[in-house]
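Reading through the structure tokens given below for one structure.
Computed from the coordinates by the stated procedures, all read-outs in this text should not be read as laboratory data. Predicted, not measured: the structure shown is a model, and the values here were computed from it. Quick reminder, even Gly has a Cβ in these numbers, built from the backbone with ideal geometry, and neighbours come from all protein chains shown.
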Amino acid sequence: MKGILTDITKCVGCGKCVDGCTAANDLPPGSVKQYQTRDGLSGERFTSVLHVDKNGQNRFVRKQCRHCLEPACASACIVGALHTTETGAVVYEEGKCIGCRYCMMACPFGIPRYEWAEAIPYVRKCSLCYERIKQGGAPACVEACPEKATIFGERDELLAIAKDRIDKHPDQYIGKVFGEKEIGGTSVMYISDIPLDFLAWKPDLGDNPLPQYTWAALNKVPGVALGMAAAMTGIYWIIERRMKLQEEQEESNA
């Protein structure tokens with residue numbers, strides 16, 4: 001299983017990773033409008049670099065899909081438009097998507113984005129450059145990083161590299177690999193000298209995978225959907241009836 005390791009202490013915030021991702025995915029150039037997003041991610045940006053001031057320390061932190069080993073987004077998708085792959089990448093099939101956006105609500109890192117401005121909108125996110133990996137390449141963001149702050153390889157080997165750096169420089173890093181165990185583990189991991197809790201919806205996600213909680217909520221969806229369908233049918237009947245009565249009255253007055 002493949003993965004990415006980002007060393008926050010090496011990132012200089014140059015944004016080359018964003019440029020590489022943009023080019024590889026044929027995304028439009030230029031900056032994302034501030035009103036569209038607060039973290040730089042959108043339907044046109046799959047990775048971003050956040051400028052963070054944490055306890056007086058200025059750092060640059062790259063944000064992208066974490067490619068969870070047991071992804072909540074995939075478990076929340078009722079049509080299987082999101083799924084894991086043999087490489088560790090969590091990919092999206094737009095042909096299956098019905099636009100329910102459950103994946104957006106389920107993701108603990110707030111990653112999937114919706115193409116609100118498009119006539120036929122889809123959900124968009126980083127695919128870990130799945131097609132490039134299958135052909136023996138590396139993600140475009142990794143290849144573009146001039147500081148080697150982001151590296152690509154087998155997940156087990158990246159974990160070993162991360163722990164070796166932490167062991168050799170305990171004064172330089174927080175003593176954990178972010179993504180090793182959280183919510184069952186992720187393929188995109190970090191080592192850092194500042195807490196990275198702001199990348200998730202709450203400070204401590206725990207180590208248990210989220211799909212078990214997702215299904216607990218989704219098993220209520222059929223009943224809710226049926227109730228909503230019945231309500232909408234009733235509203236439609238009332239409106240249709242009123243329009244028919246109005247037409248009859250207009251005809252009688254003519």
At most 13 other Cβ atoms within 10 Å and a DSSP loop assignment: could you name the trypsin sites (Lys or Arg not before Pro) in segment 1-80 that fit? K33, R38
Förster radius 22 Å - calculated FRET efficiency between H51 and A23 (Cβ-Cβ, nearest 0.05): 0.45
What number, in percent, do you get for the relative contact order of segment 1-144 if the mean sequence gap of Cα pairs under 8 Å and at least 6 apart is divided by its residue count? 25 percent
Quick one: which residues, 5 or more positions from I194 or on another chain, have an amide H under 5 Å from its amide H? H modelled 1.01 Å from N in the peptide plane, none for Pro or chain starts. I174
Rank these for me by crowding, I166, I8, going from fewest to most other beta carbons within 10 Å. I166, I8
Classify segment 66-147: rounded, prolate or oblate, from the alpha-carbon gyration tensor (a ≥ b ≥ c, eigenvalue square roots; a/c under 1.5 rounded; otherwise prolate if a/b is larger than b/c)? prolate
Applied in sequence order to segment 165-176, the curve 6.51 cos²θ - 1.76 cosθ + 1.60 (Karplus, θ = phi - 60°) yields integer Hz couplings, x standing for Gly and Pro, of 5, 5, 5, 7, 10, x, 7, 9, 10, 5, x, 7
What FRET efficiency do you get for Q135 and R101 if R0 is 30 Å and r is their Cβ-Cβ distance, rounded to the nearest 0.05? 0.45
